[in-house]
Structures are given as C-alpha cells and as structure tokens.
C-alpha cells in the first residue's frame, strides 16, 4: 500500500518557483534577441546608418567578433568561454541556491541576454565558437566616449548590462539569494554585546546579593 505523495517543503517550493521564473525569463529574452537580430539581418543594409528618431536612435547593422567597442577581436573564443561559464553559473545557482523573487528575475533576464550572444558565438559565421555577434542598435548620445566610436549593441547587451547593475544593487543592499536581508555589523554588535554581558551581570548580581546576605 502506497502512501500519499509528500508535498514540497516551503523552501523547495520557493526554489522550484525561482527556477521556473529564471527559465521562462531567459527563454523570452533569448527569443526576443534572436528575433530582432533576424529582422535586422533581413531588412537593414550592412554598415549603413538608418535613422529612426533623429540623433536619439539609429539602426546600424554590423557583426562584432569582440566585446564592447570591438575590443578583443583576435580572441573571439575567449568571449565564448566566458559567456558559457556565466550561463553555467546562473543555471547552477537557479538549481541550488536561489529562492528570492528579485534574484530570480535579475538572473533570468541576465541568463537570457548571455544566451542570446552565446548563440551568436556558437552558431553564426565564421564558425562554431568564433561566431560574430549581430549588433544593430546605435544611440550616440548614450554611449559616446572621447576618442572612441559610439557603441553598437543588441537586445541581449541591454539585458546583460542592466541586469549586471541590478545584481550589483542587490549585493550592495545585502539581499541574499534566499531573499533574506543581511544585517549590518553595526546593528549586530549592540545585541551581541548585550548578550555577552548578561552572564557576567548575573554573576555580579549574585555575588552582590551573597555579600549582603553575609
């Protein structure tokens, strides 16, 4: 005779929900990134600016073998390995550590962006592992740096950069992967000091009462 199936514990349930959230968001971002790249390749002229909103937004289709500002063009495979390592790390955290809603949203969107560019590295020309990333979004007012050309990026890049900032904020705010907030040391010390003082105070009080009895 078999018993009733056991329900998931609250922590396991939250972990499963976080994992599902991360997976769904990653798939949505990956699909959006690859779909926009497909439309860009099909409809935009190569390396010719197409103004959309004056100087605010333009489309400029290009292929980038390196990182931002075309850095590291000679070592494309390094970026492939780095993207793969980040993706594996996020999947591991999703499977073992994350139960926070905020962390699951941030990591899900970040994973989607990472997978979007990783797919380009693995599947696009000139070959597996050294593929060039498709970039087509140009906003000179945002990315202009003296002596450097404005960055040209894609949907995956938007989520990677914004979610890295979000992760940094979560760390600075002391929000752990399980959703609990890390206490500041200054807040803990008075309580710990009071706790340590209690046994000594009790002993002092006992000695004082004993001397009065004598």
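The values are calculated or read from the model by the stated rules, or taken from the named source; none is laboratory data. Model, not experiment: these values are computed from the prediction. Here the Cβ is made from the backbone with ideal geometry for all residues, glycine too, and neighbour counts use every protein chain on show.
Name the residues in segment 9-27 that are in a helix (DSSP H, G or I), surrounded by fewer than 19 Cβ atoms within 10 Å (Cβ to Cβ) and modelled with pLDDT under 95, would you?
Correct list: 10, 11, 12, 13, 14, 16, 17.
Report the residue count in segment 126-142 for those that are under 28 Å from residue 170 (Cβ atoms) and without any contact (Cβ under 8 Å) to a residue 40 or more places away in the chain.
So the count comes out to 1.
State which residue pairs qualify: first residue outside the structural domain of residue 78 (by TED's automatic domain parsing) and at pLDDT 95 or above and inside segment 98-125, second residue surrounded by 21 or more Cβ atoms within 10 Å (Cβ to Cβ) and part of a helix (DSSP H, G or I) in any location, beta carbons under 8 Å apart, and separation of 6 or more residues or different chains.
none
Being part of a helix (DSSP H, G or I) and crowded, with 17+ Cβ neighbours inside 10 Å is true for just one of 162, 104. Which residue is that? Break it down stepwise before answering.
Numbers: 162 fails: crowded, with 17+ Cβ neighbours inside 10 Å.
One residue alone meets the criteria, 104.
Quick test for you: out of 41, 30, pick the one residue that is in the same structural domain as residue 98 (by TED's automatic domain parsing), crowded, with 16+ Cβ neighbours inside 10 Å, out of contact with any strand residue (DSSP E or B) (no Cβ under 6 Å at 6 or more places or on another chain) and in a helix (DSSP H, G or I).
On the way: 41 fails: crowded, with 16+ Cβ neighbours inside 10 Å.
None of the other options fit; the residue is 30.
Determine if segment 69-77 includes at least one residue that is modelled with pLDDT under 95, surrounded by 17 or more Cβ atoms within 10 Å (Cβ to Cβ) and out of contact with any strand residue (DSSP E or B) (no Cβ under 7 Å at 6 or more places or on another chain). Steps first, please.
Start the filter on segment 69-77 by keeping residues that are modelled with pLDDT under 95, which leaves 69-77.
Filter again for surrounded by 17 or more Cβ atoms within 10 Å (Cβ to Cβ), leaving 76.
Now drop any that are not out of contact with any strand residue (DSSP E or B) (no Cβ under 7 Å at 6 or more places or on another chain), which leaves 76.
The answer is yes, given that some residue of segment 69-77 is modelled with pLDDT under 95, surrounded by 17 or more Cβ atoms within 10 Å (Cβ to Cβ) and out of contact with any strand residue (DSSP E or B) (no Cβ under 7 Å at 6 or more places or on another chain).
Of (1) under 21 Å from residue 30 (Cβ atoms); (2) at pLDDT below 95, residue 145 satisfies all except one. Which?
(1)
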